Amino acid sequence: MRYHPAQILLHWLSAVLVIGAWVVGAIVMERIPSSETTQRIFVLGAHMSAGLAIAFVVALRLALRLSLEQPARAMSGSAPLDRLARVVHIALYVATLAMAASGLALAVQAGLPAIVFGSGRAPLPNNLADYAARGVHAAIGAVLISLVALHATAALYHHFVRRDGLLRRMWFGAGERRNG
């Protein structure tokens, strides 16, 4: 059975947004010299906007997951791996929402909303690492990207090793779908 088309759309949208926000936050921002204030504010605005979008999309995904009938859980052929899959799926939701919350906390601590989305007259903080929420945000980010990699690896395992059609459940197109 397939997931509802809205769940499929939100799944892939959240994947693109999470990876994009990670690239912008962990790679692009780190390469922009602190003297490039205008560029840093623009990139930080994109990162913060993506974070807000992620929080909204994942909350909507969770609401749909709880309100729609879901396909039966996929089986890997291994009870420990099946339990791990359940833990990873729950952890993905928790880590994603915790990432958004820690980003919001960092933004508030550093006064970023007014700087990035306001007049832009206030200077950016010299170092966001000076704020406690920055360490939390970075740690959750590492956990989240690790979970995404584990999730993707498991999907590829099902597709290429088990050849059980698992990816069809979370892809667009014709096929049997549960109503809901």
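Below, the figures for the structure above:
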| read-out | value |
| --- | --- |
| All positions within the range 18-46 that are assigned to a helix (DSSP H, G or I) and either of a type in the set (F, W, Y) or touching a residue at least 40 places away in the same chain (Cβ under 8 Å) (or both) | V18, I19, W22, G25, A26, T37, R40, I41, F42, L44, G45 |
| Unique match (being crowded, with 18+ Cβ neighbours inside 10 Å and either within 30 Å of Y157 (Cβ to Cβ) or touching a strand residue (DSSP E or B) at 6+ places or on another chain (Cβ under 8 Å) (or both)) among L60, L17 | L17 |
| Residue in the range 143-160 that is hydroxyl-bearing (S, T, Y), free of Cβ contacts under 8 Å to residues at least 40 places away in the same chain and assigned to a helix (DSSP H, G or I) present | yes |
| Flag if A74 is outside any loop (DSSP other than H, G, I, E, B) and either out of contact with any helix residue (DSSP H, G or I) (no Cβ under 9 Å at 6 or more places or on another chain) or open to solvent by less than 50 Å² (accessible area, probe 1.4 Å) (or both) | no |
| Unique residue being within 30 Å of P5 (Cα to Cα), open to solvent by 30 Å² or more (accessible area, probe 1.4 Å) and at pLDDT below 95 when the list is V148, V161, V87, V94 | V161 |
| Flag if R65 is among the charged types (D, E, K, R) and in contact with a helix residue (DSSP H, G or I) (Cβ under 8 Å, 6 or more places away or on another chain) | yes |
| In the range 71-108, the residues that are in contact (Cβ under 8 Å) with a residue 40 or more places away in the chain, within 30 Å of S49 (Cα to Cα) and hydroxyl-bearing (S, T, Y) | T96 |
| Some residue of the range 109-117 being in contact with a Pro (Cβ under 6 Å, 6 or more places away or on another chain), part of a helix (DSSP H, G or I) and not polar (S, T, N, Q) | yes |
| Contacts under 7 angstrom Cβ, first residue in the range 47-67 being within 21 Å of H137 (Cα to Cα) and in a helix (DSSP H, G or I), partner at pLDDT 95 or above and charged (D, E, K, R), 6 or more apart | none |
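The values are calculated or read from the model by the stated rules, or taken from the named source; none is laboratory data. These figures come from a predicted structure and were not determined experimentally. Neighbour counts are summed over all protein chains in view; Cβ atoms, including those assigned to glycine, are modelled from backbone coordinates with ideal geometry. All accessible areas refer to the heavy atoms of the entire protein, side chains included, with ligands and DNA or RNA removed. Shrake-Rupley method; radii C 1.70, N 1.55, O 1.52, S 1.80 Å.
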